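Structure first, commentary second.
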Amino acid sequence: MRELLGRGVVKQIALSADVWRVVLSDGLTCIVKRVPRQSLPTWQPGQPWAELVALDILAAEGAPVPKLVAADLERGFLVQSFIKGTTLREVHDSGASEVVAHLDEAVHIIEALLDQVASEVKPFLVESQAEERTSMFARVRRALTPDAAAAWDHLLAAGFEDDVPAPSLGSLDIQPENAIVNDRVFLIDFATLGRVDRERRIVGYVHRAHPRPGTLLSPRSYAAYSSRWGEAGALRLAAYDFAFTLPIIEAAAKAPRGGKSTSDDALGLWCRERFGDERLELIRKGLRWEILQELRTRR
């Protein structure tokens, strides 16, 4: 820090093996990051890496991301501003719909900016996520009764039929801790870049599995999303909603007996209302009997 900024460190807290929050001698708080493990196989000293490139581009355009303060290309470190606020994991349901709208806007801004510089970020993109999406959706289908599985097929056909341009550039590290609510929603981790459906990112940010299953997606959030991105967008959001919820359901079904609240919360996450669509009704009521039995035995 002395070499990069001319200031020493008076306090440091390790947030992970490769990330630190530091307080500098002038009182400024920053986040210091090493080249993330996802970039290490291809990174060479003296060269930039995905997160550094993304932050450099986005912060310069005023996107809702941390400011890039400094970087050491030889040793593989970057310094970014510290964003104060509340993580999405800590947001209460009372403000959920407004926060989801801010998140949607943040994702849209970031993806639009990255799309404008597609040639610059192309060398840092990971492979397409199409196969992973197929696997996620197939896993849901296997968990459904025949009628619900048929409804699932219809939902995917309607939501993803014209989905070729929808996957866009952006972070694939999607979890509630990586979105901070301040006066807007800031996204703070771009360990990787790749083409991925916007709805997958949004659901990944707003769903939580611990300490208790839950989500910030409400019927009001779905209505706002549909108003902006159309019915197909809302159906894609619902598809990822179910796809992210199923592993939470399965984890609750395998948990030690006695976890009644976790089982109930997980099942409630799956069965809650989203918006008025017959396909969604069949799917949310269509978990296979064996899965429901497993959940009940854990109570």
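The values are calculated or read from the model by the stated rules, or taken from the named source; none is laboratory data. Worth saying up front: this structure is predicted, and the values here are computed from it rather than measured. All Cβ positions, glycine included, derive from the backbone under ideal geometry; neighbour counts span all protein chains shown. In case anyone asks, the SASA skips ligands and DNA or RNA and just uses the protein heavy atoms, side chains included. Shrake-Rupley method; radii C 1.70, N 1.55, O 1.52, S 1.80 Å.
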Quick check for me: using +1 on Lys/Arg Cβ and -1 on Asp/Glu Cβ, what's the dipole size of the chain about its Cα centre, in debye to the nearest 20? 1220 debye
Nearest-10 value in Å² for the accessible area of MET136, using the 1.4 Å probe: 40 Å²
Rounded to the nearest 0.05, what FRET efficiency is calculated for THR145 and SER227 with R0 set to 25 Å and r the Cβ-Cβ distance? 0.20
Give a residue-ordered list of calculated ³J(HN,Hα) values for the range 130-136 (Karplus: 6.51 cos²θ - 1.76 cosθ + 1.60, θ = phi - 60°; whole Hz; x for Gly, Pro). 4, 5, 5, 4, 4, 5, 4
Please compute the per residue accessible area over the chain with all protein chains in place, 1.4 Å probe, rounded to a whole number of Å². 49 Å²
Once you have the Cα-Cα distance between LEU125 and ARG2, take 0.36 nm times their residue separation minus that, and quote the gain in nm to one decimal. 41.0 nm
Given the -39500 (n - 2.57) contribution per DSSP H run of 4+ residues, what per-residue ellipticity at 222 nm results for the chain, rounded to the nearest 500 deg cm²/dmol? -15000 deg cm²/dmol
Taking 0.36 nm per intervening residue step and subtracting the Cα-Cα distance, what contour gain separates VAL117 from ARG37 on full extension? 26.4 nm
Write out the GluC sites (Glu not before Pro) in the range 85-159 meeting two conditions: DSSP loop, and at most 13 other Cβ atoms within 10 Å of their Cβ. GLU127
Volume of the Cα convex hull of the chain, divided per residue and given in Å³: 142 Å³
Starting from the Cα-Cα distance between HIS210 and ASP183, subtract it from 0.36 nm times their residue separation and give me the gain in nm to one decimal. 7.2 nm
Going by amide H atoms built from the backbone, whose H comes under 5 Å of the H on THR87, apart from near neighbours? VAL181
Size of charge dipole - the range 54-191 - debye, nearest 20, with Cβ of Lys, Arg +1 and Asp, Glu -1, no other charges: 320 debye
Among LEU28, ALA70, THR134 - extreme Cα towards positive end, dipole of the chain, charges at beta-carbon: LEU28
Farthest toward the dipole's positive end in the range 198-299, which of TRP229, SER263, LEU282, given Cβ charges of +1 (Lys, Arg) and -1 (Asp, Glu) about the Cα centre? SER263
Can you give me the relative contact order of the chain as a percent, contacts being Cα pairs under 8 Å and 6 or more apart? 18 percent
With a Förster radius of 35 Å, plug the Cβ-Cβ distance of LYS254 and LYS67 into 1/(1 + (r/R0)^6) and report the FRET value to the nearest 0.05. 0.25
